[in-house]
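Worksheet for the structure shown next.
We did not get these values from a lab; they are worked out from the coordinates using the rules stated. All of these numbers come straight from a predicted model, not from anything done at the bench. Cβ coordinates were reconstructed from backbone atoms using ideal geometry, including for glycine residues, and neighbour counts include every protein chain displayed.
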Amino acid sequence: MHSIAAAPHIFWAVLFIVLPLLIVLFYAFTDKAGSFSIWNIVALGDYMPIFLTSIELAVIATFICLVIGYPLAYAIARSKPEHQKIFILMLMLPMWTNLLIRTYSIMALLDDGGFVNSVLMKLFGTDEPVLHIIGTKGAVIFGMVYDFLPYMVLPIYTCVSKIDKHMWEAASDLGCSPVKVMTKVILPLSSSGIISGVTMVLVPCISTFYISQKLGGGTFELIGDTIERQFLNGARNIGAAISLVMMILILISLAIMNKFTDADGEDGGIIV
């Protein structure tokens, strides 16, 4: 009976997860004629600068999300229960809007003729844009932070909200200052949420392509852009090899996250 109930899920997983991964694996180790080849893997060395740039921007965006997200998650967890629902709703509300629309909204704000520059041009009395943001790495990082910040906040909020408040009080009664309560009690107990949040932000930041295309203005290329370009240009074998590297990075990230989160997944981790 259990196997029958699980059949639709198994069929879905095989059709849309296992089969695409096998197809990627096949193309990564074959040439255009379909013969076995490791040339695609060897050729990945030519794309090392793109890998490094993608990792660099992803790490910076993830760090900014952590710096912003942890205090925000902590503040939400410490607020009244009726207020927590409102804050979480406000945090998730932008996520209900399509990524394409959100990215174009950022462009409308940060473009040379956008809202931000229009205000600054009036303030400084000039006809030239004050800030040139679109087409820079800073714009891409801003887009990553804006789009993926909730993925950092929610796991941390889940962990912090489940910490017994009596532990905070006990630490204070034993002479711990607020700083020591945070560093000795709150941070260690919420470490699994931090690791989950870092992983959930870092992985999509590395693999993103639409944000970098629009906010980067085509001045540089990330891994996601390279994969898309390879498939559009018919070089699907190289594209599959690069995708294979991304799959390995994701699996490593998930393994690290599962190692440091509880097995029951109650701390916001992902169990695979």
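Neighbour counting of Cβ atoms within 10 Å sorts the residues 228, 56, 128, 221, fewest neighbours leading, into 128, 56, 228, 221.
Please build a GNM for the chain, connecting alpha carbons under 10 Å apart, and tell me which residue among 172, 192, 79 fluctuates the most. Per the Cα network of the chain with a 10 Å cutoff, 172 tops the list.
Starting with the fewest neighbours, write out 85, 137, 122 ranked by other beta-carbon atoms found within 10 Å of each beta-carbon. Write out the running numbers ahead of the final one.
Numbers: 85 12, 137 16, 122 9.
So the ranking, lowest neighbour count to highest, is 122, 85, 137.
Residue 62 sits among other residues whose Cβ lies under 14 Å from its own Cβ, and their net charge, with Lys and Arg +1 and Asp and Glu -1, is -2. Counting only lysines at least 8 places from residue 162 when in the same chain, those with an alpha carbon closer than 17 Å to its own are 80, 85, 184.
Per-residue ellipticity at 222 nm, computed for the chain from helices alone with -39500 (n - 2.57) per DSSP H run of at least four residues, works out to -22000 deg cm²/dmol. Per-residue Cβ neighbour counts within 10 Å put 186, 163 in the sequence 163, 186, beginning with the fewest. Shape summary: the chain maps onto an equivalent ellipsoid whose semi-axes, from the alpha-carbon gyration tensor, are 36, 31, 17 Å in decreasing order. Within the listed set 154, 244, 19, the Gaussian network model of the chain (springs between alpha-carbon atoms below 10 Å) gives the highest mean-square fluctuation for 19. Using a ≥ b ≥ c from the Cα gyration tensor of the stretch 129-272 (square roots of the eigenvalues), is it rounded, prolate or oblate, where a/c under 1.5 gives rounded and otherwise the larger of a/b and b/c decides, a/b for prolate? Judged from the Cα gyration tensor, the stretch 129-272 comes out oblate (a/c at least 1.5, b/c at or above a/b).
Within the set of other residues whose C-beta is less than 14 Å from the C-beta of residue 143, count the net charge using Lys and Arg as +1 and Asp and Glu as -1.
On the way: positive: 102, 137, 214; negative: 111, 147, 225.
Its environment carries a net charge of 0.
Taking 11, 36, 220 as the candidate residues, the one with maximal mean-square fluctuation in a Gaussian network model of the chain, Cα springs under 10 Å, is 11.
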